[in-house]
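Working notes, structure below.
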Amino acid sequence: MNSSLGAFLAFTTILVITPGATTAVVVRNVLDRGRRGGLGAAAGAALGNASWGLLSAFGLAALLSQMPVAYTLLRFGGGGYLAYLGVRGLAAAWGPRPPIVPGALEARGVVGIAGSTRHGLRQGWMTNLLHPANATFYLTVIRS
C-alpha cells in the first residue's frame, strides 16, 4: 500500500469516528423520521463529502485559502444552518404533539417514506457542504 494512501486512510478514519455535527444530524433524523430518514442523512453527508472532493479537485476549494472572506462566510453559513436546525428541533419539541392512536406507533414528524429520505438527504448534504472543517480537510488532502 502506498504510504500516502495509508496516511489518508488513517486520517480519515479518525475523522469519521469522531462525533460531530454530521453525527448529530444523522441521529436526529433517525429519531425523528426513522431508519429511512437516517439513511438519507448519511447519504447526504457522503454526498457533501464527495462535493468537497470534486470542488477541491477542480481547484474551487483552493479559492477559500486565497479569500479569507469566503472562508469566513462559509463558517458563518455553516454555523447559521446548524443554529437553524437546532431552533427548528426545539420548536418541534416544545410544540403540540399529534394524538397517539392506540395500537399504532407515534408518527411525530414523519411525512412519508420519500419525504423523510429526501429531508434527511438534504440536511446531511447541507451540513457537510457548509462545514468549514470539511473544506479544510479536502483542501489539505487534495493539494498535498
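The values are calculated or read from the model by the stated rules, or taken from the named source; none is laboratory data. Since the model is a prediction, treat every value here as computed from it, not as a measurement. Here the Cβ positions follow ideal geometry from the backbone for every residue, glycine too, while neighbour counts run over all protein chains shown. Each accessible area value is taken on the protein alone, full model and side chains, heavy atoms only, with ligands, DNA and RNA left out. Shrake-Rupley method; radii C 1.70, N 1.55, O 1.52, S 1.80 Å.
Structure notes:
- Of all residues in segment 15-65 being among the charged types (D, E, K, R) and surrounded by 14 or more Cβ atoms within 10 Å (Cβ to Cβ), the one that is nearest to Y84 (Cα to Cα): R28
- Residue that is farthest from W125 (Cα to Cα) [pool: residues in segment 66-102 that are open to solvent by 100 Å² or more (accessible area, probe 1.4 Å) and at pLDDT below 80]: P102
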